[in-house]
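First the structure, in the form of structure tokens, and then the observations on it.
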Amino acid sequence: MTILRILCSPRGSASASHRLSQHLVDQLVRSRGGQGLPVIDIDATRLPHVDAAYAAALCAPADPPPDACAHGTLRQSDELIQALRDARYVVIATPMHNYTVPSALKAWIDHVVRVRHTFQITPQGKIGTLADRPVFVAIASGGEFTGEAARQPDFLTPYLKAVLGTIGLHDVRFHSAQGTARGARAAA
């Protein structure tokens, strides 16, 4: 069991979402009486977008043979899904770009939301196959998207609730640092 942290900011460890996610990771470790779980960091900014073989596999009635998944984004997808399955907790550190998820987070989502692996298609719709576990989302936004000072829409949190729910992750908790465009004092 691990703490899986998905890092989505192009600013890396200098980002407000990374700092907020580190606070969440530290809280998880403290809540376990100091008995830490290994933290597995995945830098989503380095993930490739899915390729043609991946797209063909999604449209096929069954998965390709294992040797067909030995390279390319199908293999990457398998590895990312396994890391997700192994996690006791998931922490997503993300900025809000243009009111929604940044492309790096979308790339990770495209890899892990995969038919026959993390959800099944049934007559009732898509049914997630992952065991639910806590998902903590650390969001940094230059503007305000909640409360009285909100001046921009939020398409990020409803999208993440829906897409993570599709794969069976329903215990999603959002934490945010808003107004970071106003400088370091506002970000603090």
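Please give the length that would be gained between residue 162 and residue 51 if that part of the chain were fully extended, namely 0.36 nm times their separation in residues minus their C-alpha to C-alpha distance (nm, one decimal).
That works out to 37.6 nm of additional length.
Based on the mean of other beta carbon atoms within 10 Å per residue, what is the order of 21-32, 97-108, most packed first?
97-108, 21-32
Of the beta bridges DSSP finds with both residues in the chain, what % are antiparallel, to the nearest 5?
15
Long-range amide H contacts for residue 176: which residues qualify at under 5 Å (H placed 1.01 Å from N, peptide plane, sequence gap of 5 or more or a different chain)?
Under 5 Å from the amide H of residue 176 lie the amide H atoms of 139, each far enough along the sequence or on another chain.
For the chain, with only Lys/Arg (+1) and Asp/Glu (-1) charged at the beta-carbon, what is the dipole magnitude about the Cα centre, in debye rounded to 20?
My answer is approximately 460 debye.
Provide the net charge surrounding residue 33, with neighbours chosen by a C-beta distance below 15 Å and charges set as Lys +1, Arg +1, Asp -1, Glu -1.
Taking every other residue near residue 33 into account, the sum is +2.
Going toward the positive end of the dipole of region 1-113, with +1 on Lys and Arg Cβ and -1 on Asp and Glu Cβ, which of 112, 10, 73 do you reach last?
Of the candidates, 10 comes out farthest on the positive side.
Consider all pairwise Cα distances in the chain and report the whole-number % of them above 30 Å.
22
Read the figures in this text as sums done on the coordinates, not as results from a lab. Here the structure is a predicted model, which means the values were calculated and not measured. Neighbour counts run over all protein chains shown; Cβ positions are idealised from the backbone, glycine included.
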